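Here, each number is a calculation from the coordinates, and none is a lab measurement. As the structure is a computational prediction, the values presented were derived from the model and not from experiment. All Cβ positions, glycine included, derive from the backbone under ideal geometry; neighbour counts span all protein chains shown.
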Amino acid sequence: MVPLARIAVGYNPRRYFDRKKHDELVASLRLRGMLQPMLVRPAADLPEHFTIVAGGRRYRAAMEVFGENGEVPVLIREMTDQEALDAAIAENDDRDDPSETEQADAAVRYLAACQGDRAEAARRLGWSRAKLDRRLALADLSETVKTALDERRIKVGHAELLAAVPADKQD
């Protein structure tokens, strides 16, 4: 068990957090406590502190329920930045389908990790090259359009069309 005050939020592939799902998680924590530990790694700059790899939603809900002095179960793993990115994306994919904008963020990170090699980035993500290219295009959307896509106010096809327009003209 680790106090929440010694845990920091790391990279989270999620951009959009459903308020209803958050409230349900808070209610579950109040009723049962945290049943599944968060995956953390040692913080680079603070001894005895940790950075979340997987469990950002659980962390936010636990802060609301227990406060920063509350303690939660964690699984501590030494990980490189790439291993942490892989684990965070895999964990989120397993829990709930990521949104297209979250996939776009993952595509950008993987492409950078692969030094611009699109074929390798697609292979690591388990995607076709065409899907990688479509998601990379979404990375150029304005924040307003990304939010509209996350909230399902527009369809991915509309967002892909808007991605071809300069971001300052998309809104």
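For the reader, a short list of remarks on this structure follows.
- Failed item in (1) more than 22 Å from Arg14 (Cβ to Cβ); (2) not in a helix (DSSP H, G or I), with Asp168 passing the rest: (2)
- Qualifying residue in the stretch 48-61 (condition: surrounded by 15 or more Cβ atoms within 10 Å (Cβ to Cβ), of a type in the set (S, T, N, Q) and within 28 Å of Ala107 (Cα to Cα)): yes
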